[in-house]
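This report concerns only the one structure given below.
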Amino acid sequence: MLKSVTNSVFNCFKSLTIEQSRSIRLRKPPWVPRAKNKRFRVPTLKQQDKDEYDYMMPIWNKYKAEMRSIYLLFKTVAKFSDKESVKAQEEKKKLLEKENSLLQENDRLNAEILKIQLEEENVKLESRKKQAELDLKRQKKVEELYVLKADKIVSKLIEKSKNFVDPNNLEYEIEKALNERYDHNFSIDSSGRFFKAKKLVTKAQAFDPKFFPIESNDLNHSILAESSSKEKNPELKDTNL
């Protein structure tokens with residue numbers, strides 16, 4: 001490496017001497033050849049000033065001495081560079097081994113961290129699966145309750161539809177209504193209770209022409225209780241109508 005450095009340095013110096021000795025033409029570019037009338041002209045040498053020569057020579061000698069010393073230094077360093085290169089190779093080898101060991105340690109730590117992260121992800125997935133199963137079961141129970149409620153409503157509607165009048169049984173219902181006889185000899189108070197012969201009776205008993213109320217306190221109490229419950233729960237009242 002040092003030999004190559006010295007060679008490059010000396011090449012630079014050679015190029016510097018060549019550039020210094022080259023004449024620069026300001027009127028023409030460097031790639032234009034010399035004119036024919038000046039091809040064989042010998043320029044007259046200018047006499048150098050003695051004072052300038054006396055001033056420049058010590059500087060030039062000092063410069064050459066410094067350059068020789070630098071050259072000798074490069075030469076001695078290049079001489080012992082083989083031993084230093086062996087040491088450098090050993091140090092480089094140690095650094096590579098250390099770097100490889102650090103990389104292996106880094107890979108091991110990364111593998112451990114990845115394993116821990118995967119375990120945590122598995123735990124989270126299992127918890128999510130359990131939660132999803134619970135939500136599904138809860139949803140199924142809610143749907144079953146809705147189905148049961150709907151079935152009850154449908155069964156009630158089916159029971160009510162048995163008494164509905166449709167075009168198929170219209171004549172039968174008309175004949176039935178004409179044949180049936182109802183007694184309208186009863187009264188109704190503001191609470192919707194039925195009274196027949198000044199006695200409290202039910203709705204069916206009030207419309208029944210064959211029914212005549214008998215004086216009985218237990219019957220009156222039961223009808224009062226039923227009417228009070230209907231007042232509290234209007235749904236029961238609608239079912240009897």
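The values are calculated or read from the model by the stated rules, or taken from the named source; none is laboratory data. Remember, predicted model here, so these are calculated numbers, not experimental data. Here the Cβ is made from the backbone with ideal geometry for all residues, glycine too, and neighbour counts use every protein chain on show. Each accessible area value is taken on the protein alone, full model and side chains, heavy atoms only, with ligands, DNA and RNA left out. Shrake-Rupley method; radii C 1.70, N 1.55, O 1.52, S 1.80 Å.
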Task: Yes/no for Glu180 being without any contact (Cβ under 8 Å) to a residue 12 or more places away in the chain and over 30 Å from Ile214 (Cα atoms) - done: no
Open item on the list: Against the conditions (1) loosely packed, with under 10 Cβ neighbours inside 10 Å; (2) in contact with a helix residue (DSSP H, G or I) (Cβ under 9 Å, 6 or more places away or on another chain), where does Ala78 fall short? Just the number, please.
Closed with: (1)
Open item on the list: Criterion first (outside any helix (DSSP H, G or I), on the phi < 0 side of the Ramachandran plot and not acidic (Asp, Glu)) does Leu118 satisfy it?
Closed with: no
Task: Pairs with Cβ under 8 Å, 6+ apart, first in segment 186-210 and in a helix (DSSP H, G or I), second among the charged types (D, E, K, R) - done: Gln205/Lys196; Ala206/Asp183; Ala206/Lys196; Phe207/Asp183
TODO: All but one of (1) over 60 Å from the mean Cα position of the chain (by Cα); (2) surrounded by 10 or more Cβ atoms within 10 Å (Cβ to Cβ); (3) of a type in the set (Asp, Glu) hold for Asp151, so report the exception by its number.
DONE: (1)
Task: Output for segment 164-213, where each listed residue is touching a helix residue (DSSP H, G or I) at 6+ places or on another chain (Cβ under 9 Å), of a type in the set (Ser, Thr, Tyr) and open to solvent by 100 Å² or more (accessible area, probe 1.4 Å) - done: Tyr182
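Residue by residue, here is whether (1) under 30 Å from Leu72 (Cα atoms); (2) modelled with pLDDT under 50; (3) surrounded by 10 or more Cβ atoms within 10 Å (Cβ to Cβ) holds:
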residue	(1), (2), (3)
Lys3	yes, yes, yes
Thr6	yes, yes, yes
Phe10	yes, yes, yes
Ser23	no, no, no
Lys28	no, no, yes
Trp31	no, no, no
Arg39	no, no, no
Val42	no, no, no
Lys50	no, no, no
